[in-house]
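The values are calculated or read from the model by the stated rules, or taken from the named source; none is laboratory data. This one's a predicted model, so the numbers in the text were calculated from it and none came from an experiment. With ideal geometry, Cβ positions are generated from the backbone for all residues, glycine too; neighbour counts draw on all protein chains shown.
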Amino acid sequence: MISRTGSIAKYFFIDLFGSVVYFPAWWYTVGFWGVLRYFGQALSYRWTSYRFHIWLKNFFVPMYGQEDWSGRLVSVFMRFFVLLGRLIAYAIEAAIYFLFIIFWLLAPPLCLIFFLQSLYRGIV
Amino acid sequence: MASSTIPEFTLCPACQGDPRTSINCSACRGAGVGVSSPDGYLVWTAAADHFSFGFRKLRLKVNAILHLFLAIIVVACFGLFFFGVARANAFLVLATRDYWSAHTWESGFLWLGFFLLCFLLFRLRVYSERVKPLPTWGKSKRDLARLAEKTVSDPHHAKEISPHFQEAAWGLVERAYALAEKVGRIEVEPVHLFAAALTSSAGGIFMTRLGMDFEKIKEGLVSLLRRAPAGSPTFLSLAAKKVLLQSYLQAREERRKTVGATQIFLQSLLAEPVLQETLDAGGYPIKHVSQVMEWIRIQEQLQEEHSRFVALAALKPNTAMNRAMTAQQTVLLNRYSEDLTLLARNGYIGPVIGREKEMEELLRAIESGRRSVILVGQPGSGKSALIEALARRMVEEDVPQELFDRRLVSVHLPQLVAVGESGMAAQQLLAMLHEVGMSGNIILVLSGIEALTGESGGGPMDLAETLASELDKGYFIMIGTTTPQAWTTYLERRSLGSKLVRVNVPDMEPDEAIRVLMAKSGYIEYQNHVFFSYAALEKAVQLAARYLTDGHLPESALEIAKEAAVLARKERGEQTFVTAEDMARIVHEKTNIPVESVTQDESEKLLNLEARLHERVIGQQDAVVAVSSAMRRARAGVREGKRPIANFLFMGPTGVGKTELAKALAAEYFGSEKAMIRLDMSEYQDHTSVARVIGIPGDERGGLLTEAVRKNPFTIVLLDELEKAHPDILTLFLQVMDDGRLTDGVGRTVDFTNVVLIATSNAGTQFIQDQVAAGTLLEQIKTTLLERELKGIFRPEFLNRFDGIIVFKPLTLDDVTQIAWLMIGSLAKGLEDREGITFRAEDAAVEELAKAGFDPLFGARPLRRKIQERVDNALADLLLRKEVARRDIIVLEPGGHLRVEKATTKI
């Protein structure tokens, strides 16, 4: 077991001060992976709920059992537009996630640089 | 039940797991002991002492303060930015490039705010102490199987388990430490963990469920707490570390998210046989304790599974339409049905426990070739629950491809056949099936499918053939339910039966029924604001299985539990306990069988039963003792459960008290002299009379005897003059006496285990009288009677089934005199009650009556006639002549003379 002094030292030097050093390392490794996984799961859930494969498999199967030619025609159009709509919605969601990932990657250095520039301008 | 198998622990070769040495052991870093697992080589290295517990809390507090401070700075930065912009009135230029390239001081605060926000996010994720989920949490069965393939046993790949322990579990370890230190022990042992667990919320629930009175185990527990060697400082013992490791393994096996106090509680108990003995001595056997732990586990697991179900249910369409939208509207079907998947999706169908084997069979039958299935089981055995479980699995889409994206629709068959005319009903059925076929996403459920046969095998409403021919076309899948009797009678040999795959749903075993009750108890408790103890649930199942033989587990036990909850709430208010006694009272009310604990009054009544019976039955000591003993055995629960309470054959001449004893027992113990089923066997002399006793097939009214016992299972069955019954009837009773049950004409099994069967017979009367007159001992008379006299009348195996064959000896003059007094007493009581007239008799008059009425051949019967002739007639004349008024006294004098003593008026 870790000694008492060791515990206190660990807390101060690793947990408190060390966190400043660990922050960028975590941000671009564990944290980044966590964000990717979270968005991946969200997109996977959406993909499941939109059921693209079922709609594609039944693309030419008439909706509501309307077997006549007009029913089939309307169905195909409907299915096309619904699929298209869902695909667009899915793409928008994916794009938002993508933007957030970009933000995740760029935010800390850019914020720091801009802050330092402002600070420098203020001092000068 | 959680696994109680002991894993193979490995001690550190350097310190040998000694808690004092291991604390500074560089080889194991304080672990001392470890265990191989697929998650890694599991160890507990976290220190357990005041400093560590205090430091852990302090660290959490400092981190929380730091995070709050950071959050305030972030907010302040954003605030200063908006303040700067507002002061410079720069809102309009915010969107310009010039503004941002100017790097003003307020924009500096904004960037600093964002940067610190990122840092705060990082700190919150990494440093705020959150319980880490177990590596097995949320993994699919396939992933778990893959994980289980490799076990890490290398101590260099040690995995610290303490981060997976909930705050409650940490609190428990801390309290155990404080307790061990308080009682001056050098090591924290499993018993300290157990004692600390009793004060946790899991421990509170545990004690409540077990109905535990802490005082009962307090003394034993305190001595156990002081068992370990005294000294200080206190360390976590090797055994305690093993308990923590096993708690982790248990949580892992149960696929729990984290390790809680519940697991430590059970493992600490399992680790200490002495603790188990202490609880056992307090009246809490380990089986009950384990079952209560299982109960807590089931409820926690159901809660966790509920959130998973809700997440998956959101993906299921909430309309009748399938995901591909190829289904059709089913207007007619909707009129006669309900959508079970929709009900389950919207939370109207609760989780189902058990029946895994039957579910596998059901799914296999469907998967093996889109075959329709029939579930065959008794009412209440869980056929509907199985279908509800299927509906829930269909919502989760945890089903074979054949059931994927489908609806489970249950048709109300009684409504369908209620149209009255078979042609119209068939048309409706075909139209509905057409809708099902066109829609293509419906699995039909037909509960009580025998309704389609008109329940008469080809009657006017027979739709079975129609359904069978449609099933042949194979355009839909159907799941039907029926009872074993209906299956045999109406379906098995017909074409519909041959097209269905039979899946049996047998009666539930009591242990599994208890688990069902555990799962369902939460809802009943919530509805009634009461709590069940484990003993109550166990009692409900035991009593339902034993006494409610018309019902079937688990439903019969559930019904008892529901009613007992209402009873407890009404009598003792909310937040009260439902006990085993409440369950027993409900069963008593339903069956009239006294199943509660014997009260003081009842106990006295039973112990004095002989004396009370002798108030009506004169002499016949053997018979009275035999009957009384049988009743005491039955009430104390020390009899064999599968036979009637007692089977007696009373032999002897007429008028000696055979029937009177049965009546006296009925009056004393069953509430009324009429509380018995009396069959005069002279009315059952030909073989057709069997039908009168047990009923005829197809006639729901049942037989005279079977129906009477079904309605009132706790009673006396008196078979008068048994020797006159047809041999087939005797064969029926052979089964009753042997198995305690009889199957009636309809196929229902009627329980006879709570009846007292008394048969009387006059066979061998002459022999008995001759032998008694010759002074032969009763025991010898009985032996000769069985060996010689009764041989031609009853088969030996029939006589063998009786618990007692009791020979009633002929009455003596002395006996008849006592009976005369009893009769006069009864006459006097009637007169007093009706007319307010006192009646008494002089000794000489009663003796005279007894002598006149004494006849060794006919017992006490002639006496009754004599009393009628000499007393009743004269009394009637007196009353009609109005020679006697209220409060007068009539005295019977020798010679049958009645003297009237007029009442003196006193004011």
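Annotations for the structure displayed:
- Checking B:541, B:503 one by one, the residue that is among the β-branched types (Val, Ile, Thr) and either more than 18 Å from the chain's Cα centre (by Cα) or surrounded by fewer than 16 Cβ atoms within 10 Å (Cβ to Cβ) (or both) is B:503 and no other.
- All helices (runs of 4 or more DSSP H) inside the range A:15-115 with 2 or more residues being modelled with pLDDT under 90, closer than 30 Å to residue B:441 by Cβ and more than 9 Å from every other protein chain (Cβ to nearest Cβ): A:30-50, A:52-57
- Test: residue B:595 is surrounded by 16 or more Cβ atoms within 10 Å (Cβ to Cβ) and either of a type in the set (Gly, Ala, Ser) or at pLDDT 85 or above (or both): no
- Within the range B:259-300, if we keep just the residues that are outside any helix (DSSP H, G or I) and small (Gly, Ala, Ser), the residue that is surrounded by the fewest Cβ atoms within 10 Å (Cβ to Cβ) turns out to be B:283.
- Hits in the range B:138-188 (condition: in contact (Cβ under 8 Å) with a residue 24 or more places away in the chain, assigned to a helix (DSSP H, G or I) and among the basic types (Lys, Arg)): B:175
- All of (1) crowded, with 18+ Cβ neighbours inside 10 Å; (2) over 13 Å from residue B:681 (Cβ atoms); (3) modelled with pLDDT of 80 or more hold for residue B:786 with one exception: (3).
- Some residue of the range B:126-136 being of a type in the set (S, T, N, Q), more than 13 Å from chain A (Cβ to nearest Cβ), outside any helix (DSSP H, G or I) and free of Cβ contacts under 8 Å to residues at least 12 places away in the same chain: no
- Residue pairs whose Cβ atoms lie under 6 Å apart, sitting 6 or more positions apart in sequence or on different chains, and linking a residue in the range B:316-338 that is within 11 Å of chain A (Cβ to nearest Cβ) and farther than 14 Å from residue B:434 by Cβ to a partner that is of a type in the set (Gly, Ala, Ser) and surrounded by fewer than 19 Cβ atoms within 10 Å (Cβ to Cβ), do not occur here.
- Within the range B:87-97, the set of residues being more than 14 Å from every other protein chain (Cβ to nearest Cβ), surrounded by fewer than 11 Cβ atoms within 10 Å (Cβ to Cβ) and under 22 Å from residue A:116 (Cβ atoms) comprises B:94 only.
- Taken over the range B:148-171, the residue count meeting the criterion of being closer than 19 Å to residue B:43 by Cβ and aliphatic (A, V, I, L, M) is 4.
Here's the yes/no breakdown for (1) under 38 Å from the mean Cα position of the chain (by Cα); (2) surrounded by fewer than 22 Cβ atoms within 10 Å (Cβ to Cβ); (3) modelled with pLDDT under 80:
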| residue | (1), (2), (3) |
| --- | --- |
| B:600 | yes, yes, yes |
| B:622 | no, yes, no |
| B:629 | yes, yes, no |
| B:639 | yes, yes, yes |
| B:654 | no, yes, yes |
| B:658 | no, no, no |
| B:664 | yes, yes, no |
| B:669 | yes, no, yes |
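Quick grid of which residues meet (1) of a type in the set (Ser, Thr, Tyr); (2) at pLDDT 80 or above:
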| site | (1), (2) |
| --- | --- |
| B:327 | no, no |
| B:333 | no, yes |
| B:346 | no, yes |
| B:372 | yes, yes |
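- Taking the range B:115-125 as the range and being closer than 19 Å to residue A:105 by Cβ and either polar (S, T, N, Q) or in contact (Cβ under 8 Å) with a residue 12 or more places away in the chain (or both) as the test, the residues that pass are B:116, B:117, B:119, B:120.
- Total residues in the range B:214-234 satisfying the condition of being closer than 21 Å to residue B:261 by Cβ and in contact (Cβ under 8 Å) with a residue 24 or more places away in the chain: the figure is 5.
- Condition met for residue B:26 (under 30 Å from residue B:293 (Cβ atoms) and more than 9 Å from chain A (Cβ to nearest Cβ)): no
- For the range B:208-226, the candidate set comprises residues that are under 29 Å from the mean Cα position of the chain (by Cα) and surrounded by fewer than 18 Cβ atoms within 10 Å (Cβ to Cβ); within that set, the residue that is nearest to residue B:534 (Cα to Cα) is B:208.
- Selection count, the range B:104-117, where residues are crowded, with 19+ Cβ neighbours inside 10 Å, facing another protein chain (nearest Cβ under 7 Å) and of a type outside the set (Ser, Thr, Tyr): 5
- Among the conditions (1) within 14 Å of chain A (Cβ to nearest Cβ); (2) small (Gly, Ala, Ser); (3) in a helix (DSSP H, G or I), residue B:47 misses just one, which is (3).
Conditions (1) of a type in the set (Val, Ile, Thr); (2) loosely packed, with under 14 Cβ neighbours inside 10 Å; (3) without any contact (Cβ under 8 Å) to a residue 12 or more places away in the chain, marked per residue:
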{"residue": "A:15", "(1), (2), (3)": "no, no, yes"}
{"residue": "A:58", "(1), (2), (3)": "no, no, no"}
{"residue": "A:70", "(1), (2), (3)": "no, yes, yes"}
{"residue": "A:73", "(1), (2), (3)": "no, yes, yes"}
{"residue": "A:83", "(1), (2), (3)": "no, no, no"}
{"residue": "A:109", "(1), (2), (3)": "no, yes, yes"}
{"residue": "A:120", "(1), (2), (3)": "no, yes, yes"}
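- Qualifying residue in the range B:554-576 (condition: hydrophobic (A, V, I, L, M, F, W, C) and not in a helix (DSSP H, G or I)): no
- Among (1) at pLDDT 90 or above; (2) more than 30 Å from residue B:40 (Cβ to Cβ) - the single one residue B:98 does not satisfy: (1)
- Some residue of the range B:185-192 being out of contact with any Ser or Thr (no Cβ under 8 Å at 6 or more places or on another chain) and surrounded by 15 or more Cβ atoms within 10 Å (Cβ to Cβ): yes
- Residue that is buried (at least 20 other Cβ atoms within 10 Å of the Cβ), assigned to a strand (DSSP E or B) and under 55 Å from the mean Cα position of the chain (by Cα), where the choices are B:819, B:805: B:805
- Restricting the first member to the range B:54-65 and to residues that are without any contact (Cβ under 8 Å) to a residue 12 or more places away in the chain and within 12 Å of another protein chain (Cβ to nearest Cβ), and the second to residues that are among the polar types (S, T, N, Q) and surrounded by 15 or more Cβ atoms within 10 Å (Cβ to Cβ), the beta-carbon pairs closer than 9 Å and six or more apart or on different chains are B:55/A:7.
- Hey, residue B:401 within 14 Å of chain A (Cβ to nearest Cβ) and in contact with a Ser or Thr (Cβ under 6 Å, 6 or more places away or on another chain) or not: no
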